[in-house]
2 protein chains.
Amino acid sequence: MSQPDTISVASPADFHVHLRQGPLAEVVTKHVRQGGFSLAYVMPNLKPPITNTEQALLYRAQLQAIDPAVEYLMTLYLSPELTPAEIRRAARAGIVGVKSYPRGVTTNSEGGIESYEAYYPVFAAMEEEGMVLNLHGEVPSSAETNTCVLNAEPAFLPHLRKLHAQFPRLRIVLEHATTRAAVECVKSLGDTVACTITAHHLALTVDDWAGQSWHFCKPVAKYPDDRAALWEVVKEGHPRFFLGSDSAPHPAETKATASPTQPCAAGVYTSPILLPLVAHLLESFGALDKLEGFVSTHGRAFYGRPVAENDRRVVLKRASGKAVGIEGYGSGPTHVVPFWAGKAIGWEIVEESSREEIS
Amino acid sequence: MSQPDTISVASPADFHVHLRQGPLAEVVTKHVRQGGFSLAYVMPNLKPPITNTEQALLYRAQLQAIDPAVEYLMTLYLSPELTPAEIRRAARAGIVGVKSYPRGVTTNSEGGIESYEAYYPVFAAMEEEGMVLNLHGEVPSSAETNTCVLNAEPAFLPHLRKLHAQFPRLRIVLEHATTRAAVECVKSLGDTVACTITAHHLALTVDDWAGQSWHFCKPVAKYPDDRAALWEVVKEGHPRFFLGSDSAPHPAETKATASPTQPCAAGVYTSPILLPLVAHLLESFGALDKLEGFVSTHGRAFYGRPVAENDRRVVLKRASGKAVGIEGYGSGPTHVVPFWAGKAIGWEIVEESSREEIS
């Protein structure tokens, strides 16, 4: 079967991205469009986290000031501050989702949740208001229960099943799935449960981050068979599985270096190269024909944000094989280096509906 | 049960240590005694590897010149150069073992073996001569078979079983076991099969090296339940399980730093703090009474090097809680920083049979 030399994708949407704040946000927010994306579903784990409507709207205004051409869908950080009344205010203000971080499992998750029952009134309000619950699906490590970063996601799945049983109309997204167990679980659940998959988890296995801090993120990439499960569900074109890059910029210094007493930062940064990279990876496992579904229509359908007729289309063509620069972007505390640095991507963005917008 | 405030150990022996060569050897070889050890079973993975008797004797002479007070037991690197005739020469020259590295799984293993059948004549000669086969028990990763650094050791165990069945009188040591599967396998085999355990694998699980390059080594530390299996077999005082530190110094620069295109070095350095650290760790899981067996008598019995009446004893006392310095030793390409840097060890060496030898 011959492969195309150009592909076009309607209005790509990244349903999980970290745009940070302050000077780092100035550098990385522009990379959403550079990476080919029109919509960014923005994570709330700032310092302090975004826990109410005012903070979310202020944050959205800051992002819009940096790049007004991207649609920012905002989220709140699930915490005891979040009440059903606040959910109703947030929904009226256009805030789309609530992100749950189990305590202490990833970047800025110190305020994360310890048990879900206390939040049932919040979830009931979200269900009524049509808001989406975004789950970082890992439980904290515990030597007593043999739980560590490798099985923290499968150990979370009973919580997902229970939440879905309790709130069957609540739309829930299991974020950045990394295991066959998670893929099978989401497939087994109803149409209100979806799943994001990152670009880097389509590329990496545990061997790639063992000793390579640039590839270290939470959840960690798992076994080859787990990666194969991600490939299979993308190749199948399953409509409840779609891209959420979890693109997470960290200053290069904190990625490159560990001291004996301080590990490196957890996160992989993909925004600036995202659409070409996803095309490259999907082609590598024979799923290039599923690109538009995976990066646009599936997620947009789940979130009720379908592609509009006049939305921009992004055109990719086969690339010359130039490697992604290892120099990265920014400097000092804003110096970030993307994933795939030093390696070639088989596709590049050549055209959009409004060319002059491209930085 | 009250715990003692001093312990003495007869002639501690480290049955797996990397002493390197050149300027780095000058720094680290002295740390064998500093760490409380009288005997070092020396790995042959230099550049180029030690593959014949002359090289091994030359290397031993170099190590003796640096610190003559340690007994160095030498090994050869299993490779096509190694013939039955060379085995007989090596045995006559006092060389004790042959180390097998599967190709490409750890530091300087590019020349490692791909299949064992070709070496059966060598193993037959070793069996006759009473030499020991030391196995790095991991298979190379392969996405096709879902093999990665996490299950590379269990996947190796059938090779161990087969070798033992084929050469039941050949003494074999499965080096640096990290999994419950490996512990159970070795226990199930005959008295000619033993197993070393490192200090750091008694401390670490996968969570500790995820994003922390200083804790990255091969084999990687595994699940909490795997560590528990190591604790259990040490606590049991099983005579075929004993310390082989796999202390592996790497320049601090190569441990601390990864570039997007270059991972960090694999290895954990424990020599300078080894005996106090092992006492500390054994006490943490209730096995302090097994210290002498684990660090001296079990391994010495297996290797036929029992403690002699006039051998030195090392006395440990409870320590003041001073942290291991993060500054390390050496400088530039010889700058090495030990494991446990920045953390306190509950024991310290206070006395040996010949005090003036202590650096």
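The values are calculated or read from the model by the stated rules, or taken from the named source; none is laboratory data. All values reported here derive from a predicted model rather than from experimental measurement. Cβ atoms come from the backbone with ideal geometry, glycine included; neighbour counts cover every protein chain shown. Side chains included, ligands, DNA and RNA excluded: accessible areas come from the protein's heavy atoms. Shrake-Rupley method; radii C 1.70, N 1.55, O 1.52, S 1.80 Å.
Here are a few things to note about the model shown:
- Distant-in-sequence amide H partners of A:T147 (H built 1.01 Å from N, under 5 Å): A:S142
- Interface size A-B, as summed buried accessible area [1.4 Å probe, Å², nearest 100]: 2700 Å²
- Label 7 Å beyond Cα on the Cβ vector: A:P68 copy-to-copy distances, nm: 8.4
- Furthest towards positive pole of dipole, A:H136, A:A125, A:P219, structure part the range A:83-233, Cβ charges: A:A125
- Förster radius 41 Å - calculated FRET efficiency between A:K317 and A:R169, Cβ distance, rounded to 0.05: 0.45
- For A:A143, inter-copy label distances in nm, listed shortest first [label point 7 Å out on the Cα-Cβ vector]: 3.6
- Shape parameters for the range B:206-353, alpha-carbon atoms, Rg then Dmax in Å: 16.7, 55
- Using the Cβ-Cβ distance between B:A93 and A:E351 with R0 = 56 Å, the FRET efficiency computed as 1/(1 + (r/R0)^6) comes to roughly 0.20.
- With R₀ fixed at 45 Å, the C-beta to C-beta distance from B:I66 to A:K343 puts the FRET efficiency at about 0.60.
- Neighbourhood net charge (9 Å Cβ-Cβ; Lys/Arg +1, Asp/Glu -1) for A:E138: 0
- Solvent-accessible area, 1.4 Å probe, carbon plus sulfur percent, for the protein assembly as shown: 53 percent
- Reachable aspartates and glutamates, given that their alpha-carbon falls under 19 Å from the alpha-carbon of A:K343 and they are not under 8 places away in the same chain: A:D207, A:D208, A:E283, A:E327
- Think of each Lys and Arg Cβ as +1 and each Asp and Glu Cβ as -1; about the Cα centre, that makes the dipole of chain A roughly 140 debye.
- Here the sum of -39500 (n - 2.57) over DSSP H runs of 4 or more residues, divided by the residues of the protein assembly as shown, equals -8500 deg cm²/dmol at 222 nm, to the nearest 500.
- Amide H contacts under 5 Å for A:A194: A:I172, A:V173, A:L174, restricted to partners 5 or more places along the chain or on a different chain, H placed in the peptide plane at 1.01 Å from N.
- Label geometry 7 Å along the beta-carbon vector: B:P80 inter-copy distances in nm: 6.9
- Spacing of the two label points (7 Å from each Cα toward its C-beta) at B:R103 and A:Q262, in nm: 4.2 nm
- Between A:T83 and A:S8, the simple spin-label model (points 7 angstrom out along Cα→Cβ) gives 5.1 nm.
- Whole-Å distance, taken between Cα centres, linking the range A:205-224 and the range B:209-260: 18 Å
- Dipole magnitude (debye, nearest 20) for the protein assembly as shown, charges at Cβ of Lys, Arg, Asp, Glu: 0 debye
- Solvent-accessible area per residue for the range B:13-268 (1.4 angstrom probe, square angstrom): 32 Å²
- Unsatisfied cross-links (Cα-Cα over 24 Å) in the set A:K99/A:K162; A:K47/A:K255; B:K235/B:K255; A:K47/A:K162; A:K218/B:K255; A:K255/B:K255: B:K235/B:K255; A:K47/A:K162
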